[in-house]
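Some notes on the structure that comes next.
Here, each number is a calculation from the coordinates, and none is a lab measurement. The shown structure was predicted, so the numbers you read here are calculated from the model rather than taken from an experiment. A quick note on method: Cβ atoms are made from the backbone with ideal geometry, for glycine too, and the neighbour counts reach across all protein chains shown.
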Amino acid sequence: MLKIAVYGKGGIGKSTITSNLSAAFSFLGKKVIQIGCDPKADSTINLLGGQPLLPVMNYMREYERYPASIAEVSKIGYGGVLCIETGGPTPGLGCAGRGIIATFNLLEELALFKTFEPEVVLYDVLGDVVCGGFAAPIREGYASKVLIVTSGEKMSLYAANNINRAVNNFADRGYAKVRGIILNRRNIDHETEKVQDFAVKNGLEIIGDIPRSRDINHFEDEGKTVIEGNTDLPISHKFLDLTRMLLADEQQRGRL
């Protein structure tokens, strides 16, 4: 099973990246789960035709009980992708990270992976603060690979550096490792050089380069990924090429 955690600064486009990767894996015939680990709970919206999904934490507050099955807190999106959102506490009350931990524990109790038997699992994780529950995909063994989404902007690279340091802190425990950087371009001055310099200093590889694209915005307005919108587009090929590379990694390791 290929298990990937996608981290990045809030607003950097990690949910767009993650949902397009999920759609691309599905297009290539893989059985996929995407779990949004952000209190905004909008990670999977473009896999679901623009319709928001009731997050696990919200479900438990609304119904005052634990869900009895995965079906109560999930929806099937484009290409059969199983979509789940952790959600978070009532704004201003409680810790969103603890909500992620509670959700993960619940999904284990409901035997999510045994029941659905995915080939690929993607976690879309807020990376501004890599601590507590937001580090759960790294330190609890849920993910085996981390992808860091960044632009060349200063604060985006600052967050990327914190994420990389957090992952490295768990390196000796056999937890997830950073597979590489996805450059999600903002078209700022010297962006390529800035991200390449960061990658070299940290011994990382830029494995994806996503240009700014009107096609992404166009299909998001329709509640779609570009993969669902048109797989022949150059931007769709970017995501498909990245998924093929990640699958080839796993095949070489005998995990797929």
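In whole angstrom, how far apart do the alpha carbon centroids of the stretch 8-62 and the stretch 148-163 sit?
21
Report, as a whole number in µm² per second, the diffusion coefficient that Stokes-Einstein gives for the stretch 171-252 at 37 °C and 0.692 mPa s using the Kirkwood radius over alpha carbon pairs. Each step should come with its number before you reach the end.
Details: Rh = 14.7 Å.
Here the translational diffusion coefficient equals 224 µm²/s.
From the phi angles alone, apply the Karplus equation (6.51, -1.76, 1.60; θ = phi - 60°) to the stretch 230-238 and give each ³J(HN,Hα) in whole Hz, x where the residue is Gly or Pro.
Per-residue couplings from phi come out as 5, 6, 8, 5, x, 5, 5, 4, 4 Hz.
Which value in deg cm²/dmol, rounded to the nearest 500, describes the helix-derived mean residue ellipticity at 222 nm for the chain, given -39,500 (n - 2.57) per DSSP H run of n ≥ 4 and division by the residue count? Intermediate values should be presented prior to the final figure.
Details: 10 runs with 103 residues, N = 256.
Result for the chain, helices only: -12000 deg cm²/dmol.
With θ taken as phi - 60° and the coefficients 6.51, -1.76 and 1.60, list the Karplus ³J(HN,Hα) couplings across the stretch 48-64 in order, rounded to whole Hz; mark glycine and proline as x.
Per-residue couplings from phi come out as 10, x, x, 9, x, 9, 5, x, 4, 5, 5, 4, 5, 5, 5, 9, 6 Hz.
At 0.36 nm per residue, and after removing the present C-alpha to C-alpha distance, how many nm does the segment from THR231 to VAL200 gain when stretched out fully? Intermediate values should be presented prior to the final figure.
Values: separation 31, 0.36 × 31 = 11.16 nm, distance 3.23 nm.
Using 0.36 nm per residue and subtracting the Cα-Cα distance, I get 7.9 nm.
Among 175-188, 104-117, what's the highest-first ranking by average C-beta atoms within 10 angstrom per residue? Write out the running numbers ahead of the final one.
On the way: 175-188: 19.0, 104-117: 14.9.
Result, highest mean Cβ count within 10 Å first: 175-188, 104-117.
When we measure straight from the Cα of LYS40, which aspartates and glutamates land under 13 angstrom away, once same-chain ones fewer than 8 places off are left out?
In chain and number order, the partners are GLU85, ASP124.
List the lysines whose Cα lies under 23 Å from the Cα of LYS30, skipping any in the same chain that are fewer than 8 positions away.
Hits, sequence-local ones excluded: LYS3, LYS14, LYS75, LYS114, LYS145, LYS177, LYS224, LYS238.
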